[in-house]
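Quick note: the coordinates plus some simple rules give every number you see, no bench work behind them. Because the structure is predicted, anything quoted here is derived from the model rather than measured. Quick reminder, even Gly has a Cβ in these numbers, built from the backbone with ideal geometry, and neighbours come from all protein chains shown.
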Amino acid sequence: MHIADKNVLITGGSRGLGQALGQELARAGGRVVLVGREAQALDRAVAEIRAAGGRAHGIVADIGDKQAIYRIAGQAAALVGAIDVLVHNASTLGPTPMPLLLDTECEDLERIFQVNVIGPFRLGKALAGAMALRGAGVIVHISSDAGVEAYPRWGGYGASKAALDHMSRTWAAELAGVRVFSVDPGEMDTAMHAAAIPDADRSALADPRDVARRIAAMIADPVRAPSGARLAASAWALAPVPEPSIDHAIGQVASQATGSDAGRAAAGEARP
Ligand SMILES: NC(=O)c1ccc[n+]([C@@H]2O[C@H](COP(=O)([O-])OP(=O)(O)OC[C@H]3O[C@@H](n4cnc5c(N)ncnc54)[C@H](OP(=O)(O)O)[C@@H]3O)[C@@H](O)[C@H]2O)c1
């Protein structure tokens, strides 16, 4: 899928990975709508994209609030038109420091699931039908390795990400023509990571802008990022920036030095 002129909705777009993804997809020519709860942070994220020449809008809303979902879908459609790319990125850890499961309040687990699973489900329901009717669209679920590995104190959040992954696979199995996949972004230097592990060595964490570049490449690549996949951003090789080959460089030198056919041939310029 070419992102240029596509309409993109990203939940949790005011900070961290969602903000970086908004910048990346706007740079690629997408019309980007960002969702977040804090108006000021959202305005800043939108203004930064616009200042760089991109097209962006913000919708202040809580993805865990049932009443907000149709408003998000309606406002996004009014702002940019039918959504082509939906990224479920907003997420909560629940209370921090993160408690053991035995100490987790049921209400806290409910809230984690409202934001991380039920919100994406409701928003998916509001938007995926139109994508299926058009036989086009991409839905990305931002997951975590905590959805696969069982780490003490990550049980509530991890269970929500496992549910999100499975919902992603099921949407993929059910929605013809819509590409649905989930991504484990890996550990990134963001506010969420700082809240979860305040004493982490930040230099060992990925830059969310690098992860965003990888996810943008996944969205663009239906072959390497097929429907139903669960992808790890760290394992995604970005296409290398083309560099002149040694032969090409030698050929250029030879060609410049002699103007010879041999030089042009080495530079790949010889004609039959
Ligand atoms: N950082 C990591 O190391 C890491 C590792 C694995 C997976 N992930 C996943 O990657 C994604 C992005 O994480 P991040 O680290 O970039 O997080 P972040 O820095 O905390 O940013 C979260 C974004 O989501 C918004 N948000 C949070 N709750 C929301 C709600 N209820 N409704 C709407 N927006 C909400 C926040 O804005 P407001 O607070 O203003 O709403 C913010 O824009 C998440 O799904 C996370 O689970 C992160």
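In segment 183-222, what residues are over 24 Å from S168 (Cα atoms), more than 8 Å from the ligand (Cβ to nearest atom), assigned to a helix (DSSP H, G or I) and out of contact with any Asp or Glu (no Cβ under 7 Å at 6 or more places or on another chain)?
A194, S203, A204, listed by residue number.
Does segment 122-162 hold any residues that are within 17 Å of K6 (Cβ to Cβ) and within 12 Å of the ligand (Cβ to nearest atom), and which are they?
V140
Taking only pairs six or more apart or across chains, which ones have beta-carbon atoms under 9 Å, a first residue in segment 94-111 that is within 17 Å of A163 (Cα to Cα) and touching a residue at least 12 places away in the same chain (Cβ under 8 Å), and a second residue that is of a type in the set (S, T, N, Q) and part of a loop (DSSP other than H, G, I, E, B)?
G94/T104; R111/T92
Sort out which residues of segment 163-181 are over 25 Å from P95 (Cβ atoms) and within 13 Å of the ligand (Cβ to nearest atom), and write them in order of number. Can you show your working first?
So in segment 163-181, the residues over 25 Å from P95 (Cβ atoms) come out as 168-181.
Of everything in segment 163-181, just one residue is over 25 Å from P95 (Cβ atoms) and within 13 Å of the ligand (Cβ to nearest atom), namely S168.
Being in contact with a strand residue (DSSP E or B) (Cβ under 6 Å, 6 or more places away or on another chain), within 16 Å of the ligand (Cβ to nearest atom) and in a loop (DSSP other than H, G, I, E, B) is the filter here, so list the residues in segment 84-107 that pass it.
Once the filter is applied, which keeps residues that are in contact with a strand residue (DSSP E or B) (Cβ under 6 Å, 6 or more places away or on another chain), within 16 Å of the ligand (Cβ to nearest atom) and in a loop (DSSP other than H, G, I, E, B), segment 84-107 yields N89, A90.
Results for (1) closer than 20 Å to A20 by Cα; (2) assigned to a helix (DSSP H, G or I); (3) not aromatic (F, W, Y), shown as yes or no for each residue.
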site	(1), (2), (3)
L42	yes, yes, yes
G58	yes, no, yes
I63	yes, no, yes
I72	no, yes, yes
A78	no, yes, yes
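Being within 6 Å of the ligand (Cβ to nearest atom) and surrounded by 24 or more Cβ atoms within 10 Å (Cβ to Cβ) narrows it down to one of L17, L25, L9, so name that one. Step through it out loud before you land on a result.
Working: L25 fails: within 6 Å of the ligand (Cβ to nearest atom); L9 fails: within 6 Å of the ligand (Cβ to nearest atom).
The conditions single out L17.
Which pairs have Cβ atoms under 6 Å, sit 6 or more apart or on different chains, and link a residue in segment 41-68 that is closer than 11 Å to S14 by Cα to one that is among the hydroxyl-bearing types (S, T, Y) and within 12 Å of the ligand (Cβ to nearest atom)?
Between residues of segment 41-68 that are closer than 11 Å to S14 by Cα and residues that are among the hydroxyl-bearing types (S, T, Y) and within 12 Å of the ligand (Cβ to nearest atom), the close pairs are A41/S14; L42/S14; A45/S14.
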